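Here is the structure we will look at, set down as structure tokens.
Throughout, read-outs are computed from the coordinates displayed, never taken from laboratory work. Only a predicted model underlies this, so the values are computations on that prediction, with no experimental measurement involved. Glycine gets a Cβ as well: all are built from the backbone with ideal geometry, and neighbour counts include every protein chain shown.
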Amino acid sequence: MKGELARGARAAIPVSLGIVAYALVFGVLVAGKGIGIKTLAFMNLAVFSGSAQFVLVGMWQTGVSAWQMALAAAVVNVRYFLLTAAVAPMMEPYGWFERAWRVHFVTDENWALAMAERRKSPIGANYLLGGGILVMATWSLGTLAGHALGVSIRHPERFGMDFAFTAIFTALAVTLWRGKHDLLPWAVSAGVALAAHRVLPGAWYVLLGGLAGAFAAAAGKGEPS
Amino acid sequence: MNCSDMEGIAVICLSALLVWGIRFLGLVFGEKLPRTGRVKRGMDALPGAIFAALVFPGIAGAGIPGGVAAGVIFVATRKTGNVLLALLLGVGTVALLRGAGF
């Protein structure tokens, strides 16, 4: 069982290098928002999701209410619902308490590794956990290093750093583009978001735009993908 | 610890609870969710739609430099698949255009 934990961690070493790069950038941006290093460390362990943390910090001190920020961060992560659903068979040997903390260590990276490995050989939930622990360690250390770097940058807006959140979200959006049948949901989402951004306070535009886009996709004809 | 620190911790705790809740509910209910038809199409489209909703007001708010940078990011991501490179090019574009007086 212990061997499986180590195997899972070892398999996650290559993706961890990519995570460090992300983490450094995130740490620099966190420092730019004036968030302290202890708060950052706590967020890494408690939320433990890159995309949710990017969204959270992007809205930090913009006057958005706490529950709206939390909701926006969570909605970005609805895909986890599908990831952990696929993991359910691996968790069957465990009681509910153990499942509850183990599921916290599911991220895109170690999930994908575990799913790929499971096709080749029977593996247990420790393989998943091993990868998750390594991802958490590299994400935490990388963001803290980035934070240390970030506090030394003066006048971040001169380097266009206030645009960094929009920039990274744009790049992530481009990677999520699946083809022409995304045009309708995206256009609906963008239109609703732009309108809501004008007339409503806080982060309503994100939630309303995203939901409107998803409904448009559900209502549309749907193409074989 | 001052008041804004406490607010920050509260936001983080609330987010942590919701994000964990999604992970846990997936484990509990995920297999019972329909994997076909409209529900699946909606769920599949949601991540992209959320990001679309996040970025368009931000790009619009950043004016001409924002619009040009968005184009640069689009091309860079499609050509290289490297999100971090696209981020750096996008931020650099905004800095350059602002420096040029846009």
Discussion item. So if each residue of separation counts as 0.36 nm, and I subtract the Cα-Cα distance between residue A:101 and residue A:152, what length gain in nm does that give?
Written reply: 14.7 nm
Worksheet entry | Using θ = phi - 60° and Karplus 6.51 cos²θ - 1.76 cosθ + 1.60, couplings along region A:125-140 (whole Hz; Gly, Pro as x) | 5, 5, 4, 4, 5, x, x, x, 5, 5, 4, 5, 5, 5, 4, 5
Fill in: Filter on B:32/B:79; A:120/B:40; A:120/B:32; A:221/B:32 - keep pairs with C-alpha separation over 31 Å
B:32/B:79
Practice prompt. Would you mind giving the mean number of other chain beta-carbons within 10 Å of the Cβ of each residue in A:59-68, as a whole number?
Written response: 2
Worksheet item: Hey, how much of the P(r) for region A:60-170 falls beyond 17 Å, as a percent of Cα pairs?
Response: 69 percent
Worksheet, complete the sentence: Sparse-neighbourhood loop hits (trypsin sites (Lys or Arg not before Pro), region B:29-102; DSSP loop; Cβ within 10 Å at most 15 others) -> B:35
Discussion item. Return the equivalent ellipsoid semi-axes of chain B as a descending list in whole Å, where each equals the square root of 5 times an eigenvalue of the C-alpha gyration tensor.
Written reply: 34, 24, 12
Response to the item:
Proxy exposure order for A:4, A:92, A:98 (fewest C-beta within 10 Å first) is A:92, A:98, A:4
Practice prompt. With a length cut of 20 Å (Cα positions projected on each helix's long axis) and a Kyte-Doolittle mean of at least 1.6, go through chain B and give me the DSSP H helices that pass.
Written response: B:3-29, B:83-99
Fill in: Sites matching chymotrypsin sites (Phe, Trp or Tyr not before Pro) across region A:1-83 that sit in DSSP coil, with at most 14 neighbouring C-beta atoms within 10 Å
none
Worksheet entry | Debye log10 I(q)/I(0) at q = 0.17, 0.18 Å⁻¹ for region A:116-225, Cα point scatterers | -1.02, -1.02
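Just to verify a number: FRET efficiency for residue B:100 and residue A:137, C-beta to C-beta distance, R0 = 30 Å, to 0.05? Could you put the intermediate results ahead of the total?
Details: r = 43 Å, r/R0 = 1.42.
Once the sixth-power term is evaluated, E becomes 0.10.
Give me D for the protein assembly as shown in µm² s⁻¹, whole number, from Stokes-Einstein with Rh from the Kirkwood sum over alpha-carbon pairs, 25 °C and 0.890 mPa s.
120 µm²/s
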